[in-house]
Each structure stands twice: as structure tokens, then as C-alpha cells.
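Contents: one structure, followed by commentary.
The values are calculated or read from the model by the stated rules, or taken from the named source; none is laboratory data. Remember, it's a predicted structure, so these values are computed and weren't measured experimentally. Counting neighbours? That spans all protein chains shown, and the Cβs are built from the backbone with ideal geometry, glycine included. The accessibility values were calculated without ligands, DNA or RNA, using every heavy atom of the protein model including side chains. Shrake-Rupley method; radii C 1.70, N 1.55, O 1.52, S 1.80 Å.
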Amino acid sequence: MTARIGVVTFPGTLDDKDSLRAVRTAGAEPVSLWHRDKDLKQVDAVVLAGGFSYGDYLRAGAIARFSPVMETIIEQAKAGLPVLGICNGFQILTEAHLLPGGMLQNNHLHFICREQKLRVETSGTAWTADYTAGQEIHIPLKNMDGRYVAEERVLDELEAEGRVAFRYLDVNPNGSLRDIAGITNAAGNVVGLMPHPEHAVEPLVGTGRTDGLGFFTSILKKLVNA
């Protein structure tokens, strides 16, 4: 049976097609999901792609969080459905309280687009199992509201529980606290990060590397072996 991975499109989503292609490249069946449709079409996992949903009005991800599709995703994520939030998807996950903390405007107040070096901090999630803890990867980064913040208590809990999934290396591009680039929930099925792994799955485009493909092969192997 082929694993089915859904990619949600909101008004203003930019990277849904790239995410669908990444899913297909990894060997899974990509399924397009529409923000107004509560039906997840029996997918086995969901990707919330990058972009500027609803123009980032109010706050990045604040309106998308109330889309009909998110009602189902929130419910099923709490029951174990694997969910990956990329950039705007990460912002939506924090607004939906599936991940703690929040995202603020970059500390330098500019949009940034660059290749970013990351360190994988944990391989113990549904989306990072094909990496090793401590592995260094290069992933494209592009955002305006990418500064991860949380209370010190929350940050300490994330560190103590091994829930920091990725950390920026060499340079902190947006002022994120403790150089955090991505985090996971306690169960390991929900992961969010600001960089864009879907842009690093083929050597012809993006960074010229395939460092991002592991996100999609990780979830595929988990679903196939479940």
C-alpha cells in the first residue's frame, strides 16, 4: 500500500506544489488538501506548506489556524497523525497550539532568503528518523516572521525533553531564541521548522543538495512500517 501524504493549500500558500513534488520524489502519493474542506481524504500524514497564508494579516498563521481543514488536523494530530509545518506551516502550528511558543518578525526587520546550515538535534520524530542527531545539513531559508520565541520555562522544557529538533549553525538568521530552527511535540508526530526542506530534495534546484529529502523519506518509512 502506498502511503498518502496530504499538502494543505491556504490562500497565500506558495510552496504547496514544491511540497507535493517532494512527497512524490520520496516515493509517497501526494494528495492536495484545500483549506475550506474538513475532509483529509484518508491521508496518512499532512504537510502545512510555506507561504503567506491570508497575507499574514493579524499575525503569520493566525487566520489560517481557524480554517475548516485545521479543525480536523488539530483533532487528528492530537490522536497521532504526523504533521509537518514548514515556515508558514510552523507559524500555523504555534497559533493552533500544536507546538509551543510563537513567531515574531525577524530581529533585523528584513525578509531573508539564503541557504542555511542546521544541526539535527533529534532523530526521534516521525519526520527526522532518517537523520542522525548531530548531523549538519543545508536547507534553504526564506522568511520575514521567523524569530522563534517562548517563555524561559518553555524553552527549558524543550531542551530537557529533547524537543528542539533543529538548531541554526554559523549564523542565527532571525534572532530565534537559543538558535532554535525547529521543534517537535512530546509525541514526536508534529514537527515545525522555518527552513524549507522541500526546496532541497533534488540536486538540480535549491541548494544543489538533497539534504531535505530525509524529512519525506523518514515519514514514508514510518508509515510503511507501521
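A quick yes/no check of all residues on (1) among the charged types (D, E, K, R); (2) within 20 Å of residue 213 (Cβ to Cβ); (3) surrounded by fewer than 17 Cβ atoms within 10 Å (Cβ to Cβ):
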| residue | (1), (2), (3) |
| --- | --- |
| 8 | no, no, no |
| 19 | no, yes, no |
| 46 | no, yes, no |
| 57 | no, no, yes |
| 64 | no, no, no |
| 98 | no, no, no |
Output the residue which, of all residues in the stretch 1-47 that are part of a loop (DSSP other than H, G, I, E, B) and polar (S, T, N, Q), is modelled with the highest pLDDT.
42
Do we have any residue at all in the stretch 101-121 that's crowded, with 23+ Cβ neighbours inside 10 Å, more than 13 Å from the chain's Cα centre (by Cα) and not aliphatic (A, V, I, L, M)?
yes
If a residue must be touching a helix residue (DSSP H, G or I) at 6+ places or on another chain (Cβ under 6 Å), without any contact (Cβ under 8 Å) to a residue 60 or more places away in the chain and not in a helix (DSSP H, G or I), how many such residues does the stretch 49-75 contain?
4
Can you confirm whether the stretch 122-142 contains a residue that is at pLDDT below 95 and either outside any strand (DSSP E or B) or surrounded by 22 or more Cβ atoms within 10 Å (Cβ to Cβ) (or both)?
no
Would you tally the residues in the stretch 131-151 being more than 22 Å from residue 214 (Cα to Cα) and of a type in the set (D, E, K, R)?
3
Residues satisfying the stated conditions in the stretch 184-198, i.e. open to solvent by 30 Å² or more (accessible area, probe 1.4 Å) and more than 10 Å from residue 126 (Cβ to Cβ):
186
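Residue by residue through the stretch 84-119, note down the ones that are assigned to a strand (DSSP E or B) and aliphatic (A, V, I, L, M). Steps first, answer last, please.
Going through the stretch 84-119, the residues assigned to a strand (DSSP E or B) turn out to be 84-86, 102-104, 112-119.
Hits for the stretch 84-119 are 84, 86, 103, 104, 112, 118.
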Looking at the stretch 163-171, can you tell me whether even one residue there is under 25 Å from residue 206 (Cα atoms) and open to solvent by 50 Å² or more (accessible area, probe 1.4 Å)?
yes
